[in-house]
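The values are calculated or read from the model by the stated rules, or taken from the named source; none is laboratory data. This one's a predicted model, so the numbers in the text were calculated from it and none came from an experiment. Virtual Cβ from ideal backbone geometry, glycine too; neighbours counted across all protein chains shown.
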Amino acid sequence: TALQIVSNMVMMPVDTIDEMGQSAMSELGNMIAGNAATVFANNNIILDITPPDYYLGSDFQSGAKELFSIPFTCDAGELSIDIFISE
C-alpha cells in the first residue's frame, strides 16, 4: 500500500520505502493534518499540529494520552492513520 501511494506521489515506480518514501508518506500525513486543522478551525476548534512522523509496523509506542486510529481503504489498498492526542 505504501509503495503504491509513494509511487503515485513521486510519479514513478517505487519498490522500496527509503528516506524519500518516508518523506513522501510524512508529507501525506502533513497534508491530511493540515486539512483536518482547517476543518476544525472553521468550527471554532483550534488545533496545534506537529510535523508528522512515519512508522512502519506495529512496534511503535507513544506516551500520548489518547490515540485515534482511522482505518480506510483506497485504490492503493488498506491503510490506517493514527492520531496521537497530547496536551
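Tally the residues that are surrounded by 13 or more Cβ atoms within 10 Å (Cβ to Cβ) and not in a loop (DSSP other than H, G, I, E, B), restricting the search to segment 1-19.
From segment 1-19, those surrounded by 13 or more Cβ atoms within 10 Å (Cβ to Cβ) are 1-10, 14, 17; that's our starting set.
When the remaining residues are screened for being not in a loop (DSSP other than H, G, I, E, B), the result is 2-10.
Going through segment 1-19 one residue at a time, the tally reaches 9.
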Original post:
Just to be sure, is Ser26 modelled with pLDDT of 85 or more and of a type in the set (S, T, N, Q)?
Top reply: yes
Original post:
With respect to Ser62, is the statement that it is part of a loop (DSSP other than H, G, I, E, B), among the small types (Gly, Ala, Ser), modelled with pLDDT under 80 and surrounded by 10 or more Cβ atoms within 10 Å (Cβ to Cβ) true?
Top reply: yes
**OP:** Working only within segment 1-15, note down all residues that are out of contact with any helix residue (DSSP H, G or I) (no Cβ under 8 Å at 6 or more places or on another chain) and at pLDDT 90 or above.
**Re:** Gln4, Ser7, Asn8, Met11, Met12
